[in-house]
């Protein structure tokens, strides 16, 4: 499966899905050297917002990655029943979370995010502090390494700000 994560992001922006980029893609946006194989977003899990998300990816053949039968995401799905969506699409993996461990709900995540401009438009990215907070709560081995790098980036930004 080809990875075209930029296409996924652009489609979410075009459909006006309410989301915040979290995880590895957010770390890269802040200057991290991490590699990422997917896009993790926290989004508002309202029926209307999930319908926008469906329209954004429907022609990319989205399937529920975590279900044993890998059933397709369908316009007939009960969007009000989802807590998270883990999708495989023709453009790559898209993980949509209703909450972020260590931070909370979409509204709390959005409160710790900053707007960024990308070629497809403007979207929100979890702040460095928010990324550190969420990765500390997950405390997986790969997150410990990521926290060290994110703190170094944070320190460099403080130094540059203080020397200006």
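Give, as ranges by residue number, the residues of the stretch 43-57 whose backbone N falls under 12 Å from the point 7 Å along Cα→Cβ of residue 15.
48-57
Under 10 Å, Cα contacts only: if you run a Gaussian network model on the chain, which one of 129, 110, 18 comes out with the highest mean-square fluctuation?
Most flexible of the set in this elastic network: 129.
Relative to the longest principal axis of the C-alpha atoms of the chain, give the angle of the C-alpha long axis of helix 47-57, reported between 0 and 90° and rounded to the nearest 10°.
Roughly 90 degrees, rounded to the nearest 10.
How high is the relative contact order of the stretch 35-88, in percent, counting Cα pairs under 8 Å that sit 6 or more residues apart?
For the stretch 35-88, the relative contact order is 37 percent.
In which sequence would 59, 143 go, from the one with the fewest C-beta neighbours within 10 Å to the one with the most?
59, 143
Of 106, 54, 86, how do they rank once you tally other Cβ atoms within 10 Å and put the fewest first?
Least to most surrounded, the residues fall as 86, 54, 106.
Using alpha carbons only, how many degrees (0 to 90, rounded to 10) separate the axis of helix 141-163 from the longest principal axis of the chain?
50
Can you tell me the orientation of helix 5-14 relative to the chain, as the angle in degrees between its alpha-carbon axis and the longest Cα principal axis, to the nearest 10?
70
Using the number of other C-beta atoms within 10 angstrom as an exposure proxy, rank 66, 34 with the fewest first.
Sorted ascending by nearby Cβ count, the order is 66, 34.
Could you tell me the calculated FRET efficiency between residue 101 and residue 164, based on Cβ-Cβ distance and R0 = 25 angstrom, to the nearest 0.05?
It comes to 0.10.
Once you have the Kirkwood Rh of the stretch 110-164 from its Cα pairs, apply Stokes-Einstein at 37 °C and 0.692 mPa s and quote D in µm²/s.
After rounding, the answer is 262 µm²/s.
For residue 46 and residue 148 in the same chain, what is the full-extension length gain: residue separation times 0.36 nm, less their Cα-Cα distance, in nm?
Gain on stretching residue 46 to residue 148: 33.2 nm.
Which of 25, 79, 45 moves most in a GNM of the chain, Cα contacts under 10 Å?
79
Kindly state, to the nearest 0.05, the FRET efficiency for residue 33 paired with residue 71, given R0 = 35 Å and r defined as their beta-carbon distance.
Once rounded, the FRET efficiency stands at 0.45.
Given axes a ≥ b ≥ c from the Cα gyration tensor, I'd like to know whether the stretch 78-147 is rounded (a/c under 1.5), prolate (a/b larger than b/c) or oblate.
rounded
Could you check which residue among 90, 69, 38 shows the biggest mean-square fluctuation in a GNM of the chain with a 10 Å Cα cutoff?
Ranking 90, 69, 38 by mean-square fluctuation puts 69 first.
What's the long-distance tail for the chain, i.e. % of Cα pairs beyond 21 Å?
Result for the distance tail: 46 percent.
Laboratory data are not the source of any read-out in this text; all were calculated from the coordinates shown. For clarity, every value in this text was computed on a predicted model and none was experimentally measured. Here Cβ is always computed from backbone atoms with ideal geometry, including for glycine, and neighbour counts include all displayed protein chains.
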